[in-house]
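The structure appears below as structure tokens.
The values are calculated or read from the model by the stated rules, or taken from the named source; none is laboratory data. In this text, all values refer to a predicted model and were calculated from it rather than measured experimentally. Positions of Cβ are backbone-derived with ideal geometry, glycine not excepted, and every protein chain shown enters the neighbour counts. Keep in mind that these areas ignore ligands, DNA and RNA; they rest on the heavy atoms of the full protein, side chains included. Shrake-Rupley method; radii C 1.70, N 1.55, O 1.52, S 1.80 Å.
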Amino acid sequence: MAILPIYEVPHPILTEVSKPVTTVDDRVRTLLDDMAETMFAAPGVGLAAPQVGVSERIIVAAVPIRDGVAREEEGDEDEGSKAFLTELVNPVIVERHGTLLFDEGCLSVPDLVFEVERAEAIVIEALDRNGEPIRFRAEGFYAVIFQHEIDHLDGITLYGRMGPFKRKLYLKKVQKQRMKDGARSKDGAPVPTPG
């Protein structure tokens, strides 16, 4: 397993619609393993393949699915732990219920928290790491995580949800910080560091 570089806005891969996975094979399973390691190291609670430079419909999330439902329960203090790993290939939201507003952050849009309207509950169909179909319901915060990551597969980021003026201010701030840090190229791609 490896920790992969995380791409940040305005890298163009983050605005692409990802391609469906045709075969769940060892390459996909290795990517799932690497994405999980990257997500936990970041740390984050979700990660989509485009965020690590792969334009395929694959996500990982630190969310437990219990008896076909992903919802916060008493004792979920280890939120974000490896015990809660969910891996999805070609996820599709097939039902949406209710609405809620949630302040979201993103590993690809650092230093930004943005309020987004989401469905309060969703039903997802996908393939697991073995290519087997799965279907489950996600509620509340866990539903938000899956919707956020599936947005990435459709080329939608928090940055893209902002108005043009706010995007311009945010990008100017981030590019100034990147120039200071020297950690990212102008387009948000990870750049190698010596050592």
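Here are some notes:
- Note that segment 65-72 has calculated 3J(HN,Hα) couplings of 10, 10, 6, x, 9, 10, 8, 5 Hz, one per residue in order, obtained from phi through the Karplus relation 6.51 cos²θ - 1.76 cosθ + 1.60 (θ = phi - 60°); glycine and proline are x.
- For segment 39-182, with all protein chains in place and a probe radius of 1.4 Å, 50% of the accessible heavy-atom surface sits on carbon or sulfur.
- Pairwise label distance in nanometres, residue 103 with residue 30, each label 7 Å out on the Cα-Cβ vector: 4.1
- Where only DSSP H runs of four or more residues are counted, the chain gives -8500 deg cm²/dmol as its mean residue ellipticity at 222 nm, each run worth -39500 (n - 2.57).
- Between residue 117 and residue 154, full extension at 0.36 nm per residue minus the direct alpha carbon distance yields a gain of 11.6 nm.
- Working ranking of peptides 153-164, 14-25, 49-60 by packing, defined as the average number of other Cβ atoms within 10 Å per residue, highest first, is 49-60, 153-164, 14-25.
- Cβ-derived FRET efficiency at R0 22 Å, residue 130 paired with residue 1, nearest 0.05: 0.80
- Probe 1.4 Å, protein heavy atoms only - accessible area per residue of the chain in square angstrom: 51
- Simple spin-label estimate for residue 41 and residue 16 gives 2.2 nm between the two label positions (7 Å along the Cα-to-Cβ direction from each Cα).
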